Amino acid sequence: MKTPAISWIRGLGAWAFVLLAVLFVAVTVAAGHLLRGARLDLTENRLYTLSQGTERLVARLQEPVNLYFFYSREAAQPVPALANYAVRVRELLEEIAARSDGKVVLHVLDPEPFSPAEDRAAEFGLRAVPLGPGGDMLYFGLAGTNSTDGRALIDFFNPQQESFLEYDVARLIQELAAPERRVVGLLSTLPLVAGFDPLAGGMQRGLVIGEQLGELFDVRTIPTDATALPADLDALVVVHPKGLSRALLYAVDQYVAAGGPLLLFVDPDSQLDPGAAQRAALYAGGDRTSTFEPLLSAWGVAYDATRAFGDLEHALLVGSPDGGEPVRHLAFAGFGPDAFDRDDVVTGALDALNVGTPGFLGRKALDGVTFTPLITSGPRSAPITVEKLAFAATPESLRAGFEPTGERYVVAARLSGRLPSAYPDGPPEGVAPVATPRRVAEAANVVVVADTDLLSDQLWVRTQSLLGQTYVEPWANNADFVLNALDQLTGGADLIAIRARDAFARPFTRVEELRERADDRLRAKEVELQRELQATEQKLVELQAGRTDAGSLVLTPEQQAEIRRFEAEKLRIRRELREVRRGLDEDIERLGTWLKALNVAAVPLALTVVALAVAWLRRRRRRGPTPA
């Protein structure tokens, strides 16, 4: 029985679809108006949600910051992956601007050839990248300015570093918000910076890393006989601590316990140690050894200053003592991407880092402290005593008897959490109490490195002189590691809290799962077919061996029947293989149909319901409470 409503709808015919389309468009427009400014991130890893550190950083801006996003739209069209990433970058910048309450002003510019926007990009110093031989020049970077003519720049957004996109943008904003150079305290027994050398009786040149620290930070050198730390430090760097007074150790302990950032380098056998040249005739390995006790033990770090390690997989080529061909030295390692924590902003972008006679770190169970390895050796590694290193005349002699343990050894690690004091009962005997330092952060942030030789010029840079000028050419990322660590440590709690994000582009995991499942079934059928083939061949051999007319080339009826049976079985198995493949395609197509249905119908319908509900609630609030 037909109801009047159904008859009326059928009578409308094509007009019903027109009315539905008009209604859908109207509701969509209304939803866009009513939900303007509303955001809902439904991605699994919350890719469109800003980290709390970014939100706090933007909320504390005192003055406006202008961001200029330069992107060559036409030039990037032949590279879809780059164009998609540009959308991701722009969406992040727009989200930051929307959350800044007007303090971050975003300008999007398309620097077409010979346009004012291209001139502006060149003025900021952005680099144009050629897209292949004879291709267009692509601008894809970010420039920022503040109210005091300060400038900051991201030269090019590398899609390979997508997981650190938010961190890089937040760092740029922070640099504009606080343009003064950050203060870094340097406590070192190694000659990192230029100064007077009492052993040589004259001035000595510092290391290249020391020069770069001086260019980027306000470095305050702390004497090794000091009893206190400067009060205005943004971070502290301790390199090869030897012979430090108990008062200075206590001051560092109190600084870190209050949340002060620390970058620490210790070494069981430092090749940079000036005391290395004064080794005793037999063994004085302790001259080149540094520890940081009792602080490291109190912080949950296990470190044995009598042992280094060798790495067969990453051993570097060094010059032969007799002037022959270079040989691999177990105790000098050249680490590649597989050795770095790719989720940490300090090591995530590194490609190569070289170390010499490094030590290794372990973790102790300590509540509230997180131990995160940043650099680890390969599995073909094993400990080497410092004494053996001292007596090994050649790299070949060090190789004798070396047996890898299969373990990976931690060269550098990050400590986070509430680090306890190494002096819970007060200062050590003879040390005056210090005023309780202000808490720098709720949680400490400490990076510990069990090697100092990575700071040496020989392991990462080539120095050349031309026309009286000295030029350096890096061939490893040793300086990048140090500067990345300090950049993050001095960034404060907000920058430290910004996590490395997951990649925006994600694989179709469900489709891959279906394919893997079908491939397993296909492999099983292939094994079955191979087994049938081998059995049939064996049967044919047995039939041939049992024949009395072995010289005849004519097949017997038994052989012919066996072959026919095999051919029929082979056709059956091939048919089943095709069915398995067809079933795979059907599963994938069915999944695609459901996704299309969700995108075309379910999601718009859900948004429409939400929009109507929000409109109803807003109208109800405007009307006020219903009178009794």
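The values are calculated or read from the model by the stated rules, or taken from the named source; none is laboratory data. If you're wondering where the values come from, they're calculated on a predicted model, not measured in any experiment. All Cβ positions, glycine included, derive from the backbone under ideal geometry; neighbour counts span all protein chains shown.
Scanning the stretch 158-170 for residues that are touching a Leu at 6+ places or on another chain (Cβ under 7 Å) and surrounded by 20 or more Cβ atoms within 10 Å (Cβ to Cβ) yields a total of 4. There is at least one residue in the stretch 234-248 that is touching a strand residue (DSSP E or B) at 6+ places or on another chain (Cβ under 8 Å) and over 30 Å from LEU389 (Cβ atoms).
Residue count for the stretch 344-400 under the criterion of being over 25 Å from LEU317 (Cα atoms) and small (Gly, Ala, Ser): the result is 4.
Listed conditions (1) part of a helix (DSSP H, G or I); (2) at pLDDT 85 or above; (3) among the acidic types (Asp, Glu) are all met by ASP225, apart from (1). For the stretch 78-105, a residue qualifies if it is touching a helix residue (DSSP H, G or I) at 6+ places or on another chain (Cβ under 6 Å) and free of Cβ contacts under 8 Å to residues at least 40 places away in the same chain, and exactly one does: ALA83.
Per-residue answers, yes or no, for (1) within 21 Å of GLY491 (Cβ to Cβ); (2) assigned to a helix (DSSP H, G or I); (3) of a type in the set (A, V, I, L, M, F, W, C):
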| position | (1), (2), (3) |
| --- | --- |
| THR49 | yes, no, no |
| ALA75 | no, yes, yes |
| ALA81 | no, yes, yes |
| LEU93 | yes, yes, yes |
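Counting only strands (runs of 3 or more DSSP E) that sit wholly inside the stretch 364-446, those with at least 2 residues that are more than 24 Å from SER270 (Cβ to Cβ) are 369-376, 410-417. What pairs come up if the first residue lies in the stretch 144-167 and is not assigned by TED's automatic domain parsing to the domain that holds TYR68 and aromatic (Phe, Trp, Tyr), the second is modelled with pLDDT of 85 or more and crowded, with 20+ Cβ neighbours inside 10 Å, and their beta carbons are under 9 Å apart, counting only those six or more places apart or on different chains? Final answer for the pair search is none. For residues that are touching a strand residue (DSSP E or B) at 6+ places or on another chain (Cβ under 7 Å) and in a helix (DSSP H, G or I), scanning just the stretch 253-267, find the one that is farthest from PRO420 (Cα to Cα). Checked the stretch 253-267; the qualifying residue farthest from PRO420 (Cα to Cα) is TYR255. Filtered by the rule that a residue be assigned to a strand (DSSP E or B) and in contact with a helix residue (DSSP H, G or I) (Cβ under 6 Å, 6 or more places away or on another chain), the stretch 336-363 gives LEU353, ASN354, VAL355, GLY356. Note on the stretch 37-94: residues that are farther than 19 Å from ALA170 by Cα, charged (D, E, K, R) and modelled with pLDDT of 85 or more amount to 2. Let me confirm something: among GLU313, GLU211, GLU215, which residue is on the phi < 0 side of the Ramachandran plot and at pLDDT 90 or above? Among GLU313, GLU211, GLU215, only GLU313 is on the phi < 0 side of the Ramachandran plot and at pLDDT 90 or above.
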